[in-house]
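Data block below; observations after.
The values are calculated or read from the model by the stated rules, or taken from the named source; none is laboratory data. Predicted model, so just to flag it, every value in this text is computed and none were measured. Backbone-built Cβ (ideal geometry, glycine too); neighbour counts: all protein chains shown. Side chains included, ligands, DNA and RNA excluded: accessible areas come from the protein's heavy atoms. Shrake-Rupley method; radii C 1.70, N 1.55, O 1.52, S 1.80 Å.
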Amino acid sequence: MELAERIARRRSARQGGRVIVDRDHLSPVFHRPEPVGRGPVLEQLLDALEPVFDSELPPPVAVVGPQGSGTSAIVTALFDALNDQFSGSTRSIGTTTRAGAAGPITWFGTVDGRRIESPFSFYRAVLSLISSEPVPESGIGTDELRTRLRDRLDRPDRRVIVAIDHHDEPETLDVGRARDLLAPVDAHVTIVPVGQHEPDDWEGETVTVPAYRDHELVDVITDRASTGLAAGALDHGAVRELAGWADGNAHDALAALFGAAVLASEADADRIEHSHLETARADVPEAGVHVGRALALSETRQQVLLTLTDLDATDRPIREIATAIADRSSLTAGTVKRFLYELSDRGVIERVPLSTSNRGSGRQPSTVRPLFPTIAFRSLAATAIPSADGTDSDSA
C-alpha cells in the first residue's frame, strides 16, 4: 500500500470515529500480496519451481507447515506474483517465459480442496485457472469439462502448476484423487500439495514452513493493524501480548485481533481495550480449526452454525440443540441433527459427552461446541448469508 493511501485511510477513519478502517485487512482469511516475514520460504519454493524459468515443467513439490504458519498465503502470493511477472495479468491468463515474446505458456493457480465436492467442481476450478472465458456452472457434464481441459492443454508448450490447498483436511480433495482426475493431462501438470502434512507415500520435494517466531508474529499483527485499524486503536504492548499468546499461530492471532476489533466496533469504542482482546482470545478454541473451514461450507450448513453460535448449548443434548435450530429455520430437526453429526465428523464442531449428572438411562448423551472462532465466523459469514428472517445480517 502506498504511503499516501495509508495516510488518507487513517485520516478518513479518525474523522469518522471508527475503529475498523479496512475489515478485509484484519480478516484471518485474507492473504496479503506478499506475506510478512516469509522471504526465505518464498526463495525455497522458487528454487523448487526453477524449471519453469527454463520453459520446463517442474517436479512435484509439497508445501507443509503447522496451522497458522501461512502455507496458503505463501503459495497464493507466489503464484499470483508469477502470473503478474510473466504476463501482466492474473491467474486466468497464461504466462510467457520471455516478456514481450511468444513462448511456452505456463499457468499457476490454487484449487481449494475444501470447496471441491465432485469431479465436475474440480475440473471447473482448474479450467477457471487457465481460461480467460467464464466456465459454465451448469448445463454441461463432467465429461465435457474434462474434454475442454484436455483440449486447452493439448500442446507441448502448455503447462499448469496446480496447488491443491488443504488436501489433508477431513472431507477435502486429496492429492491422490486430484492426480487421478488429472491423469488425461498429467504430462502438462505439476501438482503442489499444500497443507499441514505431506500426502501419503510422497516422493517429491518438500518445502517446510516453520511456525512464526514471536517477533515475526508481532510484525504480522502490526502490518494488519496498520492498514485495518484506525491510528491509535491498538497499542504495541497489546500487540506483543497477542503474539505471545498465539504461540506462533498467525490464524489464532488474527482471529483474536479481528474479533476484538468487532467487539470494540459493536461497543462504539474508539480503541480496542484489554477486555475486548480478552474476550476475543477466549473465543479462539485451543487446538481449534481455521475459521476458513467453517466459511467453506455450504450456505445451509453455515446457517446452522450461525444459529448454533447464538444458542446457549451448554449441557444441552444434540437432539435439543437440533430442535432449537430447526425452530429458527426451514430445516427439520432430523436434518439439523444429521448436519451436526456430519460437521463433527469433518472436525468443524466437537461432540462432548454431557456430565454424568445429566445422564438418564441408556446411552450417554452428548452436546456440541464449535472448534472455530465464532466472533470472526459470525461477522464474515454474515456478509453473504441471509439471517433466519430473510434479511441481511449486520457485519462489522
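Candidates in the stretch 230-242 are the residues that are more than 15 Å from Leu26 (Cα to Cα) and touching a helix residue (DSSP H, G or I) at 6+ places or on another chain (Cβ under 9 Å); of these, the one that is least open to solvent (accessible area, probe 1.4 Å) is Ala238.
Number of residues in the stretch 311-323 that are in a helix (DSSP H, G or I) and touching a helix residue (DSSP H, G or I) at 6+ places or on another chain (Cβ under 8 Å): the value is 5. Residues of the stretch 284-300 that are in a helix (DSSP H, G or I), within 30 Å of Asp247 (Cβ to Cβ) and of a type outside the set (A, V, I, L, M): Gly292, Arg293. Select from the stretch 311-333 the residues that are open to solvent by 50 Å² or more (accessible area, probe 1.4 Å) and free of Cβ contacts under 8 Å to residues at least 24 places away in the same chain and list them in ascending order. Once the filter is applied, which keeps residues that are open to solvent by 50 Å² or more (accessible area, probe 1.4 Å) and free of Cβ contacts under 8 Å to residues at least 24 places away in the same chain, the stretch 311-333 yields Asp312, Glu320, Thr323, Asp327, Ser330, Thr332. All told, Glu216 meets the bar of being acidic (Asp, Glu), over 17 Å from Phe30 (Cα atoms) and assigned to a helix (DSSP H, G or I). Within the stretch 326-350, the set of residues being under 22 Å from Gly288 (Cβ atoms), in contact with a Lys or Arg (Cβ under 9 Å, 6 or more places away or on another chain), of a type outside the set (S, T, N, Q) and assigned to a helix (DSSP H, G or I) comprises Phe339, Leu340, Tyr341, Glu342, Leu343. Whenever a residue of the stretch 166-189 is under 16 Å from Thr147 (Cα atoms) and outside any helix (DSSP H, G or I), its partners that are open to solvent by 30 Å² or more (accessible area, probe 1.4 Å) and modelled with pLDDT under 95, lying with C-beta atoms within less than 8 angstrom and at least six residues away or across chains, give the pairs Val189/Leu57. Only one of the numbered conditions (1) assigned to a helix (DSSP H, G or I); (2) modelled with pLDDT of 95 or more; (3) surrounded by fewer than 24 Cβ atoms within 10 Å (Cβ to Cβ) is not met by Thr227, and that is (2).
Count of the stretch 272-292 residues, restricted to those that are over 19 Å from the mean Cα position of the chain (by Cα) and either among the polar types (S, T, N, Q) or surrounded by 15 or more Cβ atoms within 10 Å (Cβ to Cβ) (or both), is 8. Considering only residues in the stretch 293-308 that are touching a Lys or Arg at 6+ places or on another chain (Cβ under 7 Å) and open to solvent by less than 30 Å² (accessible area, probe 1.4 Å), the one that is farthest from His31 (Cα to Cα) turns out to be Thr307.
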